[in-house]
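Computed from the coordinates by the stated procedures, all read-outs in this text should not be read as laboratory data. Everything quoted here is computed from the prediction, not taken from an experiment. Positions of Cβ are generated from backbone atoms using ideal geometry, with glycine treated the same way; all protein chains shown enter the neighbour counts.
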Amino acid sequence: MKQAERLVVVGNGMAALACLEKLIEWAPQAFAITVYGEEPYPNYDRVRLPAALAEGLAPEELILNPLGWYRAHDVDLRLGVRASAIDRDARVVEGSDRSRTPYDRLILATGSRPILLPLPGIDKDGVYSFRTLDDCERLRVGAERSARAVVVGGGLLGLEAAAGLRRLGLEVTVVHLLDGLMERQLDLPGSRYLERALAAQGIRILLGRTAAALLGNGRVEALALADGEVLPAELVVMAVGIRPDRELAQRAGLACRRGVVVDDRMGTSDPRVYALGECAEHRGICYGMVKPLYQQARVLAARLAEVAVPAYLGSRVSSRLKVSGIKVFSAGQHLEAAGDQVVRFEDAGRNVYKKLILREGRLLGAVLVGDDSEAADLDDLIENGQPVSLAGPLAGPSRAAQASAGCSESPDTVICGCNGVSRRAILEAVEAHRLTTRADVARITGASRACGGCGPQVDALLRLTVEQAGPAGRPLCACTHLTRQEVLAAIRGRRPQSVPGVMRDLRWSGDGCSACRPALAYFLTLCWPQHPGDLGASRHVNERVHANIQKDGTYSVVPRIYGGVTTPGALIRLAQVAERFEVPLLKITGGQRLALLGVRKRDLPAVWAALAMPSGFAYAKAVRTVKTCVGSAYCRFGTRDSLDLGIRLERAFEGLWMPAKVKMGVAGCPRNCAESLIKDVGLLGTERGWQIQVGGNGGTEVRQAELLASVEGNEEVVELVGAFLQLYREQADYGERTSRWCSRLGIEEIRRRVVEDVSNRRALLARLEPALSSRVDPWRERVQGLRTRESGVRREYERPPSVPGMVDGETVGSEAAF
Amino acid sequence: MAGDWLPAGESADIEPRRGVRRCVEGREVALFRTGEGELLVVDNACPHRGGALFEGLVTGRTVVCPLHGWGIDLGSGRAVPPEEGGVATHAVREHEGQVEVRLAKSVKNPTEER
């Protein structure tokens, strides 16, 4: 048997590991592998660093190959060790730890380094590059003690960093040398549209300006421009570009130009040494995108494993700006030459710009800003070089839209450009492994594993399979073979029913369980809001009694205090009730309300009657609190009237049954004192209007909300929040908080249905209306029920009847419970 | 051997899939009516943390404690696995619209009685 050759890899990034994964798959025992990794982490997803900054992901969430992977494949990983020299005669790599590792074959995957402009003051504290996970952590820490940031560089990375910092609440200015943003991907009109979209997120753009010096005493305090303007900032990010890291190769005497020169099979000028990734220069081009790196990795792995694959002839690159809420896609050529045919589409109202460049009947390039739904189709057309007609690409429904409608005819459409995964491959994997989440699909097929740009399409395919699968989809629970959608459709398609009636009609097995019975009760309120019926026996005690049961069997009473704003009269009444009923604990809750804790069940109706305040629904899967800051009413920083909007939202949606509890927050300025970014629905006031953030959670699994839309007026806020809540009511699993639901469905999809698709929004609001108009205050309803001696209410709240021979219910030890 | 049948309120007060609480000879019991109309009686204290079982959701012959979701089999009094322990069960009958209960002698945990 052939002895394993010694393979040393310098570099532990995405290109190196993509190559090793393939190599190990194709030739498992052929090499004894050593990897030098300068950074202290195993291979992670560098493409998602900006997202990680914005969303506050922990480093481990970006890891692509955990340490266990290296161990499992006997890869000797030298973490935190830089390869300092190559002795090509002795065939040895020297490490910064003075180790010497002999090789038979050597792969250079050293990546690239950020370009640092030689500006005065560049070494001051608070000046960062944005290239590594450590950079990301430093930036995040720096952002915490900063209010203003300047990003130098208006390319992909600079804009993604700017958006991340903006989402962390900083005032952000981008300074760019040229007259247009992303000049390697966009033309000037495209840049103008992108500038507007960024401005709407509150990012300031300065074009045609040159950074001259960093000012400050040790720490950076401002960036000075060449024209004399001074931009105050506690944090400066340098994102002017990257440079292939060829230093090691150059010192070893390998042929280098801008990068390490490689042939079509990734070989360098030394037959035992290969290079790939950002450090390599192939046919005069150094690539900085993940897709070409993966293509190179495959070619090199095939060469080492002695597997036949076509040589690498270069990549056609497409790029996407990965900024939440802004869609920018560019593929092929972005600037037309004389004689090219150009098709342009502009919609200033929706801020959408599209440009196609055709030459001799073939698509050569595409630029999309504001709407990238045709990106996958156009990418395909450019890649394949098929003849296209002008009526084609911009007219008619896109293939992506067809895919979500379930009628795509091309299973070979590549969904994940980074990893080259087709629609067919995803659908087959979903079928074979019964996959239900994007993460599962990423694990099995690789799709969406790198840049995540195709995540929404993967989600759409998952939905498609689940929806088409019908009974093969996940049943609601073990009591039925029907899925949630089927149960809902059946309830909607029949007349109003009781929960036992639904179970009978739908051939439930047995009497239901504690999972499906409350879910059915909720579905009935969702489908038939005007026919409430008696759902008590299928509701959790809290929603039946309209108070929250406590550990000792007493209940809590939390009246609604709209927006946290109260009056002397209301406080006096609360105090009197607390005294009169000897309420043991009176507490201000985290939701800016007052809770009366330890109320006996039989006292509840009298307490409610005496308070004469609406229920705060603190016990229910429903809209609970709307937390507010003081806002422009009194706060010296407040830019918006958060009290007014908070109260308005609370009045608009109080008492609405939901799949799970819903908490809102309204902050009048980006200082975010109402903690809007960890609320199910959070509003942030800006100079121009409101940002609507959704899907946040401050509970056991903390999650930062994502931007749904930026709007100007309160009317639009109420409308979009209403449509969002209705979509959530209709689509989420029972008990599923908005945070999980939003991650599952994807913010882009939610935005499409709530914000962009106006007719769908109207339909959602129309279905919400009957639920809003049939709300009654449950406390008042029960107080009145007792007055009219209604038997159900009496049975629920009155003390147990005194029976001859039976001791009355006032037993020592459980007094409180009665 | 058996104790006396003791009055425990009116039949009509116990609706299907609901529970009520009664105090019978100083002992607090929870009376349930299943969806099929059967009456079942157990002590009104969950073996976990003493939660008031009568407020729980009734599914088949099981009640789910409102505090932490333990299931209690109302026929045997045993907690539904994986939970352990149980509550005492009591005999019950209905006669001319009245409910009568005969208390179990033992207060012991039924899982120890095997």
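If you average the alpha carbon positions of segment A:203-247 and of segment A:97-165, how far apart do those two centres end up, in angstrom?
The distance from the Cα centre of segment A:203-247 to that of segment A:97-165 comes to 14 Å.
Using only DSSP helix segments of four residues or longer, with each worth -39500 (n - 2.57), what per-residue ellipticity at 222 nm results for the protein assembly as shown after dividing by its residue count and rounding to 500?
Computed ellipticity for the protein assembly as shown at 222 nm equals -8500 deg cm²/dmol.
Report the calculated FRET efficiency for residue A:138 and residue B:95 (r = Cβ-Cβ distance, R0 = 60 Å), to the nearest 0.05.
0.15
Go through A:17, A:433, A:503 and say which Cα lies farthest out towards the positive end of the charge dipole of chain A; charges sit on Cβ, +1 for Lys and Arg, -1 for Asp and Glu.
A:503
With +1 on the Cβ of every Lys and Arg and -1 on the Cβ of every Asp and Glu, and nothing else charged, how large is the dipole of segment B:6-102 about its Cα centre, in debye rounded to the nearest 20?
In debye, rounded to 20, segment B:6-102 gives about 180.
Note down the magnitude of the dipole of segment A:546-695 about its Cα centre, charges +1 on Lys and Arg C-beta and -1 on Asp and Glu C-beta and zero elsewhere, to the nearest 20 debye.
180
Once you list every other residue whose beta carbon is under 9 Å from the beta carbon of residue A:792, what net charge do they have if Lys and Arg are +1 and Asp and Glu are -1?
Once all neighbours under 9 Å are counted, the net charge is -2.
Output the antiparallel fraction of DSSP beta bridges having both residues in the protein assembly as shown, as a percent to the nearest 5.
Among the beta bridges of the protein assembly as shown, antiparallel pairing accounts for roughly 70 percent.
How high is the relative contact order of segment A:268-397, given as a whole-number percent (alpha carbon pairs under 8 Å, six or more residues apart)?
Dividing the mean separation by the residue count of segment A:268-397 yields 16 percent.
If the convex hull of the alpha-carbon atoms of segment B:6-102 is projected onto planes in all directions, what is the mean projected area in square nanometres?
Orientation-averaged projected area of the Cα hull: 5.4 nm².
Bin width 10 Å, alpha-carbon pairs only: give the P(r) of chain A as whole percents, running from 0 to the bin holding the largest distance.
Spelled out per bin, shortest first, that is 2, 11, 19, 22, 18, 13, 8, 4, 2, 0, 0.
Of A:626, A:8, B:65, whose Cα points farthest to the positive end of the dipole of the protein assembly as shown (charges on the beta-carbon: +1 Lys, Arg; -1 Asp, Glu; origin at the Cα centre)?
A:626
So the label point goes 7 Å from the Cα of residue A:633 along Cα→C-beta, right? Which residues of segment A:585-613 then have their backbone N under 14 Å from it?
Label zone hits: A:592-593.
Only Lys, Arg, Asp and Glu count, each charged at its Cβ (+1, +1, -1, -1), so figure out the dipole size of the protein assembly as shown about its Cα centre, rounded to 20 debye.
Magnitude of the dipole: close to 440 debye.
Within the set of other residues whose C-beta is less than 13 Å from the C-beta of residue A:98, count the net charge using Lys and Arg as +1 and Asp and Glu as -1.
+1
Among B:54, A:156, A:297, whose Cα sits farthest toward the positive end of the charge dipole of the protein assembly as shown (+1 at Cβ of Lys/Arg, -1 at Cβ of Asp/Glu, about the Cα centre)?
Sorting the options by dipole projection puts first B:54.
Please compute the net charge surrounding residue A:193, taking Lys and Arg as +1 and Asp and Glu as -1 over other residues with Cβ under 11 Å from its Cβ.
Every neighbour counted, the sum reads +1.
Only Cα pairs under 8 Å and at least 6 apart count here; give the relative contact order of chain A as a rounded whole percent.
Taking the mean separation of contacting Cα pairs over the length of chain A, I get 7 percent.
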